Amino acid sequence: MTVTEDLVSYEDALAAFDPVMGLEVHVELGTKTKMFCGCSTELGAPPNSQTCPTCLGLPGSLPVVNAVGVESAVKIGLALNCEIAEWCRFARKNYFYPDMPKNFQTSQYDEPIAFNGYLDVDVEGETFRVEIERAHMEEDTGKSTHVGGATGRIHGAQHSLLDYNRAGIPLIEIVTKPIVGAGAKAPEVAKAYVAELRELIKALGVSEARMEMGQMRCDVNLSLRPIGREKFGTRSETKNVNSLRSVERAVRFEIQRHAAVLGGGGTIVQETRHFHEEDGSTTSGRIKEEAEDYRYFPEPDLVPVAPAREWVEELRATLPELPRVRRQRLQAEWGISDHEMQSVLNAGAIDPIVATIDAGAPADQARKWWMGELARRANESGTELSALPITAAQVARVCALVAEGTLNDKLARQVIEAVLLGEGDPDQVVEQRGLAIVSDDSALGAAVDEAIAANPGVADKIRDGKVAAAGALVGAVMKATRGQADAARARELILERLGVQG
Amino acid sequence: MTDLTRLTAAETAAKIASGETSAVEVAKAHLDRIAAIDEKVHAFLHVDTEGALAAARAVDGKRAKGEKLGPLAGVPLALKDIFTTEGVPTTVGSKILEGWIPPYDATLTRKLKDAGIVILGKTNMDEFAMGSSTENSAYGPTGNPWDLTRIPGGSGGGSSAALASFQAPLAIGTDTGGSIRQPAAVTGTVGVKPTYGAVSRYGMVAFSSSLDQGGPCARTVLDAALLHEAIAGHDPLDSTSIDAPVPPVVEAARSGDVRGLRVGVVKEFAGEGYQAGVMERFNDSVEMLRELGAEVVEVSCPSFTYALAAYYLIAPSECSSNLARFDGLRYGLRTGDDGTRSAEEVTSLTREAGFGPEVKRRIMLGTYALSSGYYDAYYGSAQKVRTLITRDFERAFGEVDVLVSPTTPTTAFPIGERADDPMAMYLADLCTIPANLAGNAAMSLPCGLAPEDGLPVGLQIIAPALADDRLYRVGAAVEAAFTARWGHPLLEEAPTL
Ligand SMILES: [Zn+2]
């Protein structure tokens with residue numbers, strides 16, 4: 001049901017307008033239990049099998065705060081350079097919706113646990129600071145499946161199915177301050193921010209932040225103002241933009257759409273919009289005639305959260321090295337360009353490479369295999385690099401076998417293939433497939449003699465001093481030994497047999 | 001032969017423990033009494049005959065095996081229909097939960113069962129505990145055993161009437177603005193609102209979360225103390241539950257020594273609107289405390305004047321949110337789901353049909369008070385008043401050990417008299433609301449009959465938070481002195497039903 005929208009070209013839009021963005025990212029925490037009850041958060045269970053009186057909102061039930069959820073929120077706040085509240089409360093956000101069992105969401109309102117922070121992101125070699133307004137704790141809603149309508153949305157559906165397994169799963173909502181000054185790079189900045197945030201969340205170990213699983217969801221707010229004007233324009237809110245590429249596309253589309261409306265003398269309606277993966281467009285959702293009144297008030301069923309300063313400092317001291325700092329360090333250590341580092345990041349190869357180096361491989365070798373052969377294999381099978389059935393230790397072993405001369409590159413690729421096929425460790429594969437380089441002179445010598453005998457013309461040329469012709473005989477030796485020969489040694493033997501100095 | 005329904009809880013437990021009677025005999029005597037008279041009183045919404053007899057048999061079985069019994073094992077109890085009971089209907093006095101069978105027990109229910117207390121059934125109440133007369137029950141009013149044409153108080157009128165008509169020696173109430181104490185006062189029984197957080201709210205259907213508090217109801221101060229001890233204590237399922245030892249309430253109830261105790265009479269609880277006979281009995285009580293060796297002084301709590309107004313902003317605000325979950329989608333009543341209507345329409349029709357007028361009034365009041373643009377003026381200001389009231393209490397408790405006042409300004413009024421006048425109804429809780437706003441402990445116990453109508457009058461005692469034992473010390477002293485003066489417990493004067 002994509003409605004055709006008038007768009008102006010991106011370049012024309014940017015020539016007249018300055019984009020202002022706001023990004024709201026929801027992260028599902030990876031706690032074992034829900035935010036306010038003891039139910040499991042495991043994904044994929046049968047509908048409504050992970051529920052209890054509290055997350056079903058049964059009369060009389062009460063919430064109890066998940067301490068791990070609070071700890072995760074504080075860690076995220078610290079990693080985002082935020083201040084951590086000394087005392088804050090939960091609040092009820094009141095609105096009716098069937099996937100919300102209590103018809104209010106337990107959230108935080110004017111007392112977020114973390115506030116006033118920033119996250120630096122790199123776009124095309126330039127650093128851009130995204131300021132963080134707040135990070136607050138809340139609970140997820142259940143999941144509605146609307147059946148019988150054309151769109152899968154509630155409008156037009158015959159009936160809806162409700163699954164409350166997700167209801168009460170802890171969420172952290174991270175809200176940026178208005179992002180100004182990104183100009184034409186706005187879509188890239190938005191994407192880089194979400195990507196950096198995802199890396200950070202994963203590094204903290206508080207969530208796997210898999211966007212395709214809905215563990216991280218993004219709302220994109222965008223407005224345009226004529227270049228030179230201070231005052232922000234009216235914004236649209238594009239909901240549930242759930243991949244990095246989509247974030248970029250949604251920003252780009254909305255810039256072009258807003259510019260078309262404003263350029264045509266129209267006004268932007270404040271509304272929520274749906275994003276369409278198929279063509280990267282957005283369409284109008286619900287129009288906010290007046291700001292929705294959620295009647296927030298402090299949650300009387302919960303006591304305030306007061307993170308002790310000593311505890312906050314303890315958590316700060318245990319924070320891991322943050323992803324951007326780590327990338328900068330590794331790039332310097334490996335001595336590679338911004339562009340190469342970006343490729344490594346995009347390929348999801350940082351952790352495997354580091355692990356391979358830790359397992360004893362030289363950095364350039366580790367990078368070569370992960371970014372080369374292994375990246376190609378992952379790409380072919382459509383899996384994540386980290387999901388390939390080979391360990392960093394195995395890759396490091398392959399590197400070692402090459403370095404000691406047991407394998408050449410061609411054999412090494414065969415060993416890797418066999419490891420991926422589950423044939424065992426590199427050493428086992430070498431043994432079982434008999435892949436080691438043949439450098440033993442007697443075995444190799446026989447192959448060399450055969451090659452000379454089979455190619456008398458070439459042998460004569462070499463005897464006449466055309467040493468370069470030896471390559472043809474080496475090739476024959478390699479062919480005969482199915483690539484397992486030590487090519488350098490084979491060349492030496494050939495020249496020796498023919499009485500020529502190499 | 002002893003009438004088992006006339007015994008106190010402590011006496012009943014002793015007779016069961018000694019084998020003089022059995023828990024089953026006691027349960028049967030009460031079930032028979034309910035069958036005989038509750039048609040007239042209408043204290044119960046649901047009588048759980050099977051469950052009660054099974055619980056009684058379990059107690060008798062334990063005794064037969066020589067297992068140790070708790071101090072209230074085998075004693076019957078009437079449970080306010082606001083606590084969830086696994087497998088037994090829980091309606092909160094509302095049509096919207098008609099037929100709902102909870103899948104879980106409230107913490108309090110569980111504690112009662114663990115103590116071997118026999119739950120006879122669920123008692124009538126104002127819908128969602130909103131009211132002071134039990135007339136707001138969707139299932140019809142309850143009569144006051146002293147005069148069946150009068151109200152038994154509210155919201156816990158079913159529990160107070162069950163006690164006063166000897167259908168149960170123990171009952172459970174909940175007190176948000178006086179719903180334990182005011183019914184106790186107008187039926188000549190004892191009711192205690194413990195310190196906020198003393199008794200778990202898990203499984204107690206919420207009206208106003210920051211004010212609601214479950215508590216014991218009985219015919220004597222000692223029985224109330226025994227029940228208090230059985231139901232109080234920290235509950236990890238209720239974040240607002242107090243994590244501290246239960247005060248020594250039973251010991252205090254057995255002592256009853258008030259010599260040297262400083263008692264404050266709250267100046268603001270008197271004057272216009274207070275029935276003459278109520279003030280007369282109250283003044284007697286103060287005099288009695290003096291005779292018993294207490295030191296009585298007058299104290300002023302000026303902010304109490306605003307308590308009622310603050311209460312009627314805070315309680316409706318919280319209730320407007322707490323009651324949002326009743327949408328007809330997951331449990332309870334569902335109206336208008338004929339296959340043509342949207343979920344939103346069905347929710348709307350269900351709430352229209354399922355909630356009574358007082359509940360709707362409070363949901364609307366609260367929705368308004370929390371609205372953007374009005375929040376600061378209403379909810380915000382009410383919270384400030386709440387702080388002022390807490391400070392008044394703190395100042396007063398700097399001078400005295402307990403405060404006393406009449407529990408309610410008048411005796412039981414006739415059913416229907418205030419039904420159309422919410423403001424008049426709200427005044428019944430004038431003296432009880434401040435203790436809820438500040439989270440203090442408070443008790444009501446009988447202090448005689450008003451001369452003009454011969455109906456019971458309640459004396460309210462208020463203690464600081466966590467000092468619930470003081471209520472029992474003072475209550476036991478007053479109770480003993482009055483019983484000695486009258487020659488019998490006050491309830492002996494109630495008409496026979
Ligand atoms: Zn749950």
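Observations on the structure shown:
- The lone exception for B:Val402 - which of (1) of a type outside the set (Asp, Glu); (2) within 28 Å of B:Gly143 (Cα to Cα); (3) surrounded by 24 or more Cβ atoms within 10 Å (Cβ to Cβ) it fails: (2)
- Subset of the stretch A:161-180 that is more than 23 Å from the chain's Cα centre (by Cα), within 16 Å of the ligand (Cβ to nearest atom) and assigned to a strand (DSSP E or B) - its residue that is nearest to A:Met216 (Cα to Cα): A:Asp163
- Single residue of the stretch B:144-180 satisfying the filter (closer than 17 Å to B:Val75 by Cα and hydrophobic (A, V, I, L, M, F, W, C)) that is surrounded by the fewest Cβ atoms within 10 Å (Cβ to Cβ): B:Phe166
- Within the stretch A:328-347, residues that are without any contact (Cβ under 8 Å) to a residue 12 or more places away in the chain sit with their Cβ atoms under 9 Å from residues that are buried (at least 16 other Cβ atoms within 10 Å of the Cβ) and among the polar types (S, T, N, Q), at 6+ positions apart or across chains, in these pairs: A:Ser337/A:Gln331; A:Glu340/A:Gln331.
- Only listed residue being under 27 Å from B:Ala17 (Cβ atoms) and crowded, with 24+ Cβ neighbours inside 10 Å, chosen from B:Val118, B:Val92: B:Val118
So that you can scan it fast, the table gives a plain yes or no per residue for (1) aliphatic (A, V, I, L, M); (2) assigned to a loop (DSSP other than H, G, I, E, B); (3) not assigned by TED's automatic domain parsing to the domain that holds B:Ile172:
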{"position": "B:Glu67", "(1), (2), (3)": "no, yes, no"}
{"position": "B:Leu72", "(1), (2), (3)": "yes, yes, no"}
{"position": "B:Leu79", "(1), (2), (3)": "yes, no, no"}
{"position": "B:Tyr139", "(1), (2), (3)": "no, yes, no"}
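Conditions tested, residue by residue: (1) more than 24 Å from A:Arg166 (Cβ to Cβ); (2) more than 14 Å from every other protein chain (Cβ to nearest Cβ); (3) among the small types (Gly, Ala, Ser).
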{"position": "A:Leu43", "(1), (2), (3)": "no, yes, no"}
{"position": "A:Leu56", "(1), (2), (3)": "no, no, no"}
{"position": "A:Val74", "(1), (2), (3)": "no, yes, no"}
{"position": "A:Asn81", "(1), (2), (3)": "yes, yes, no"}
{"position": "A:Asn94", "(1), (2), (3)": "no, no, no"}
{"position": "A:Asn103", "(1), (2), (3)": "no, no, no"}
{"position": "A:Ile113", "(1), (2), (3)": "no, yes, no"}
{"position": "A:Val121", "(1), (2), (3)": "yes, yes, no"}
{"position": "A:Ala135", "(1), (2), (3)": "no, yes, yes"}
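- Note on the stretch A:1-48: residues that are assigned to a loop (DSSP other than H, G, I, E, B), within 11 Å of the ligand (Cβ to nearest atom) and not hydrophobic (A, V, I, L, M, F, W, C) amount to 4.
- Every listed requirement among (1) out of contact with any strand residue (DSSP E or B) (no Cβ under 9 Å at 6 or more places or on another chain); (2) surrounded by fewer than 18 Cβ atoms within 10 Å (Cβ to Cβ); (3) of a type outside the set (Phe, Trp, Tyr); (4) at pLDDT 95 or above is met by B:Gly260 save one, (1).
- Among (1) assigned to a helix (DSSP H, G or I); (2) touching a helix residue (DSSP H, G or I) at 6+ places or on another chain (Cβ under 6 Å) - the single one A:Ala468 does not satisfy: (2)
- Some residue of the stretch B:434-445 being modelled with pLDDT under 95 and under 22 Å from B:Gly143 (Cβ atoms): no
- So A:Gly60, is it crowded, with 20+ Cβ neighbours inside 10 Å, in a loop (DSSP other than H, G, I, E, B) and within 16 Å of the ligand (Cβ to nearest atom): yes
- Some residue of the stretch A:92-109 being out of contact with any Gly (no Cβ under 8 Å at 6 or more places or on another chain), surrounded by 20 or more Cβ atoms within 10 Å (Cβ to Cβ), assigned by TED's automatic domain parsing to the domain that holds A:Gly22 and closer than 30 Å to A:Asp338 by Cα: no
- Test for A:Cys88: is it farther than 18 Å from B:Asp238 by Cα, away from chain B (no Cβ under 14 Å), more than 16 Å from the ligand (Cβ to nearest atom) and touching a Phe, Trp or Tyr at 6+ places or on another chain (Cβ under 7 Å): no
- Segments classed as strands (runs of 3 or more DSSP E), wholly inside the stretch B:384-497, with at least 2 members that are free of Cβ contacts under 8 Å to residues at least 12 places away in the same chain and among the hydrophobic types (A, V, I, L, M, F, W, C): none
- For the stretch A:137-158, the candidate set comprises residues that are surrounded by fewer than 17 Cβ atoms within 10 Å (Cβ to Cβ) and modelled with pLDDT of 85 or more; within that set, the residue that is nearest to the other protein chains (Cβ to nearest Cβ) is A:His146.
The values are calculated or read from the model by the stated rules, or taken from the named source; none is laboratory data. This is a predicted model, so every value here is computed, not measured. All Cβ positions, even for glycine, are placed from backbone atoms using ideal geometry, and neighbour counts span all protein chains on display.
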